[in-house]
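The values are calculated or read from the model by the stated rules, or taken from the named source; none is laboratory data. Quick caveat, the model's predicted, so the values are computed rather than measured. As a convention, Cβ positions derive from the backbone with ideal geometry for all residues, glycine included, and neighbour counts pool all protein chains shown.
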Amino acid sequence: MTEFSQKCRFYLQESGSNVYQIARTANLDRTTVQRMLTGKRLPSQEFVTTFCNHLRINSIERHDLIESYKMEKIGKSTYMNRKYIQNLIEHIVETQSKPDYFLTLSTSLLPTDSTVKKVLTKEFERDDKGKIFTNIPPSHNYIYRILTELHLQYKKSVPVQHMFSMYPNPLSIPNSSVNLEKLYYIVPFLFSDYSNYQPCYFYSRNLKSDYSTQLFPYYLITSSEVTIFSSDLKHCIIHSDEKTKALYNETFLHMREQAHPLMVKHSDPLQALSFYLKSLNTTRFPTHSIESQPCVFAFLPIPEKIARLCPDSVGQKADLLAMIEGSYQSFDDHIGSIKNICTTDGFRSFYKDGILHGAFTIFSEPFSEKERKEMIHHFRTLYMEHDSFYFLNDSFKIPNDLQIELYDKNQVNIVSTQNNNFNFLGFTESSICDAFYDFAESLCESEMLCPVPRVLETLDELLKV
């Protein structure tokens, strides 16, 4: 028997029914019900939904049973990966909408947490810029909570360099989501208001359980002291002598040189966008994009409109415009092979304020109402000609200033243009790329997908306003 079939049997018994009764009252095939309960057959979701509708169970139990069915259908590993990515996106939404979001997180308090807070507070109180080096596991999100609290209290961000490990081949171990788990905690904080957080990673085959055999494997290095922690983070030792501090600082900086930065950051948005566009020249055009609005190029009826994305006030306009034009041409050449996943809510947002969001629009001025209607009309024509646009309903949330690009299963880019600052993460690690690819494909077939007639109806409503 499977976990799903065991739950079906349990809930059926708890509701006081049996196979014969529920098959009769729900008009379900009795043999199929019997085989489902014994784990010999996995029926359709429609069948399972009908089965749930006739059980005496509450909404929480119903959700548990449906989720168990989905896990059984696609496999636990795939199911968990999709959940991690979905939750990661939702986590970013919460982070960007609530500056104090990390203060609301429930954390498992440990005996050393008060020490962590005292050490970090001392660093924030310094007159100089300060520094924080650490390898405390990202899953111990108390550190994000304290950094947020101190950032709001002292109105500054002390530079944090956070080193962590990525497993080189997670598909070979039972917990194949181990790398995604770390991104789930790290990426949202990267997109928070804390501007001086720099995570970097190295590959290691050590798992969390391996650290239990090591003496004080975690550290927190600041300007005034070095604090080392036991593997369970319940005990710590503070070193303040100059020799120990110098040794830890030197060793950390040496390790950082060999590590990979998780995010590319530039203080100058123009420099950041130029770097991003140049990086696109070394890869193929995206196979998938997930964003609140369709790709900006899908709105531009004529190439000359591209100039609107790069006003005269932008420095190095000619060079930047040439790179954007090259990307426009690539989009035009590959439009039939790109799966552009977006939301109806994002489309309404564009019509309301005339602002297009995305990597290429960071310098763009809002479009007039007349221009918006021309652009929506152009997009409607494009939408009818190509089946490469997928609109998700309002239950799927993604920030306007965030987009996820997939280059087949070879690379994932997460781009943020929050507050007109251009930052992006690039992943080439195979398990992460595979997981994001599967997630994007699943969105194209999900229950959240809007049917074509409904999308056309939305577009026509906007054109009539």
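Find all pairs meeting these conditions: Cβ atoms under 8 angstrom apart; at least six residues apart or on different chains; first residue within the stretch 104-127 and within 19 Å of P159 (Cβ to Cβ); second residue surrounded by fewer than 18 Cβ atoms within 10 Å (Cβ to Cβ) and among the aliphatic types (A, V, I, L, M).
V119/I238
Residues are listed down the side, and each one gets a yes or a no for (1) buried (at least 18 other Cβ atoms within 10 Å of the Cβ); (2) out of contact with any Leu (no Cβ under 9 Å at 6 or more places or on another chain):
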| site | (1), (2) |
| --- | --- |
| N393 | no, no |
| D408 | no, yes |
| N421 | no, yes |
| E429 | yes, yes |
| Y437 | yes, no |
| M448 | no, no |
| V452 | no, yes |
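Taking L120 as the residue in question, decide whether it is modelled with pLDDT of 90 or more, under 24 Å from F252 (Cβ atoms) and over 19 Å from the mean Cα position of the chain (by Cα).
yes
Residues to consider are S231, S212, S204; find the one that is surrounded by 14 or more Cβ atoms within 10 Å (Cβ to Cβ), within 26 Å of N175 (Cβ to Cβ) and among the polar types (S, T, N, Q).
Result: S231 is the single residue among S231, S212, S204 that is surrounded by 14 or more Cβ atoms within 10 Å (Cβ to Cβ), within 26 Å of N175 (Cβ to Cβ) and among the polar types (S, T, N, Q).
Scan the stretch 165-174 for residues that are in a loop (DSSP other than H, G, I, E, B) and either surrounded by 20 or more Cβ atoms within 10 Å (Cβ to Cβ) or within 19 Å of the chain's Cα centre (by Cα) (or both) and report the count.
Here the count works out to 1.
Among the numbered criteria (1) in a loop (DSSP other than H, G, I, E, B); (2) touching a residue at least 40 places away in the same chain (Cβ under 8 Å); (3) surrounded by fewer than 18 Cβ atoms within 10 Å (Cβ to Cβ), which one does G130 miss?
The failed condition is (3).
Which pairs have Cβ atoms under 9 Å, sit 6 or more apart or on different chains, and link a residue in the stretch 34-62 that is closer than 19 Å to E447 by Cα and at pLDDT 90 or above to one that is part of a loop (DSSP other than H, G, I, E, B) and among the acidic types (D, E)?
Here the result reads P43/D29; F47/D29, each pair linking the stretch 34-62 to a residue that is part of a loop (DSSP other than H, G, I, E, B) and among the acidic types (D, E).
Testing S139 on (1) part of a loop (DSSP other than H, G, I, E, B); (2) among the small types (G, A, S); (3) more than 14 Å from P188 (Cα to Cα), one condition comes back false. Which one is that?
Just one mismatch for S139, condition (3).
From D387, D394, which residue is acidic (D, E) and free of Cβ contacts under 8 Å to residues at least 12 places away in the same chain?
Working: D394 fails: free of Cβ contacts under 8 Å to residues at least 12 places away in the same chain.
Sole residue among the options that is acidic (D, E) and free of Cβ contacts under 8 Å to residues at least 12 places away in the same chain: D387.
Consider K373 carefully, then state whether it is over 23 Å from Y276 (Cβ atoms) and crowded, with 16+ Cβ neighbours inside 10 Å.
In short, yes.
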